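Here is the structure we will look at, set down as structure tokens.
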Amino acid sequence: IAARILLGLSLEEKQFKDLAKTFEQLVENLFSLPLNVPFSGLRKGIKARDMLHDYMEKAIMEKLQRKNMEGHSDALDFIINSAKEHGKEFTIQELKTAIELIFAAFFTTASASTSLILLLLKHPSAIEKIRQELVAHELNRPCHCLTPAVSPREQPCTVQGKGRNPSQGCPPAADDPFPPLQGYQIPKGWSVMYSIRDTHETAAVYQSAPESFDPDRFGAARQEDSQGAGRFHYIPFGGGVRSCIGQELAKAVLKLLAIELVRTARWELATPDFPAMQTVPIVHPVDGLQLFFRPLQPGGVGPSSQVPQEA
């Protein structure tokens, strides 16, 4: 999906697996010791990066050589055409960097998707509320996306969510001396790092504990994420001119995932206990999130549909 939406590529199964394996090798070695020796993490990461750059360069060259560049069929088209509208021509290197950053955001979305599935599993009342909303909007029609041709008990599904945050580059440096901040002076040239997690955990606008699962805090009645001057108390996609350019895509993916899972399936742990979570460099289950997914009975959303179909 990411390859099609971002680059406009229609890949064969083998091509997709090779590309995904290469990209995973790059991500796994982002945080490695700076030792460029054979078999080191850095050497593996550089090799994977070069392979991805070659692949992306080929896709970019094909698009640039097209005579008809009208319309935006994918993110790469949009970037190229938008630049031309403003009288700018991107270099191949600039386009490769832009697409690499957008493509890398897949892993942050994977992390959010894993957390969504896990939190819904821990809070069945939230699932029931979603089902009620689906009924109210007539979105509970039968779906045959999950077929009972294979017993769901045969093999657990592992939701990896082991992504890192490749799009988070080096911290910016202070170009000019900062004015004192709460008595502290930041000298010119110092690196400045900002913690979004600490902002969320210490913001005073939340009526319930920030670490608690409370989706209603973002509902129309409370809107704790956008209270006037407090709009920067909740910034999962950053803010200002450097906010995430893929945030709408990420939110759309998460909404579709929640709707389709709730109205077509129920899920449970395939392990005795909930997995331990690791927060660095991005939130993910230490050994993946292993689950059983079972299709609901035909008939849409409702209490009777919670009995799993068996093969």
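The values are calculated or read from the model by the stated rules, or taken from the named source; none is laboratory data. In this text the structure is predicted, and so the values were computed from the model without any measurement. No Cβ is skipped: glycine too gets one built from the backbone with ideal geometry, and neighbour counts run over all protein chains shown. These accessible areas exclude ligands, DNA and RNA; they are computed on the full protein's heavy atoms, side chains included. Shrake-Rupley method; radii C 1.70, N 1.55, O 1.52, S 1.80 Å.
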Could you tell me which residue of region 240-255 is modelled with the highest pLDDT, considering only residues that are open to solvent by less than 70 Å² (accessible area, probe 1.4 Å) and not β-branched (Val, Ile, Thr)?
Leu254
Looking at Ala265, Ala258, can you tell me which residue is of a type in the set (Gly, Ala, Ser), surrounded by 12 or more Cβ atoms within 10 Å (Cβ to Cβ), under 14 Å from Thr114 (Cα atoms) and in contact (Cβ under 8 Å) with a residue 24 or more places away in the chain?
Ala258
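Considering each residue of region 222-231, count those that are in contact (Cβ under 8 Å) with a residue 12 or more places away in the chain and open to solvent by less than 70 Å² (accessible area, probe 1.4 Å), and give that number.
So the answer is 3.
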Could you tell me whether Met61 is more than 19 Å from the chain's Cα centre (by Cα), surrounded by fewer than 16 Cβ atoms within 10 Å (Cβ to Cβ) and hydrophobic (A, V, I, L, M, F, W, C)?
yes
Could you look through region 3-49, keep only residues that are more than 28 Å from Glu248 (Cβ to Cβ) and in contact with a Pro (Cβ under 8 Å, 6 or more places away or on another chain), and pick out the one that is modelled with the highest pLDDT?
Leu42
Working only within region 260-294, note down all residues that are part of a strand (DSSP E or B) and touching a Cys at 6+ places or on another chain (Cβ under 8 Å).
Gln290, Leu291, Phe292, Phe293
Which of the residues belonging to region 209-239 are small (Gly, Ala, Ser), modelled with pLDDT of 80 or more and not in a loop (DSSP other than H, G, I, E, B)?
none
Residues in region 82-97: is at least one of a type in the set (Gly, Ala, Ser), in a helix (DSSP H, G or I) and either at pLDDT 80 or above or within 19 Å of the chain's Cα centre (by Cα) (or both)?
yes
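A quick yes/no check of all residues on (1) surrounded by 15 or more Cβ atoms within 10 Å (Cβ to Cβ); (2) touching a strand residue (DSSP E or B) at 6+ places or on another chain (Cβ under 8 Å):
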position	(1), (2)
Ser191	no, yes
Tyr194	no, no
Asp198	no, no
Gln207	no, no
Glu211	no, no
Asp214	yes, no
Arg217	yes, no
Ala220	no, no
His233	yes, no
Tell me, please, whether a residue that is under 30 Å from Leu76 (Cβ atoms) and modelled with pLDDT of 80 or more can be found in region 173-186.
no
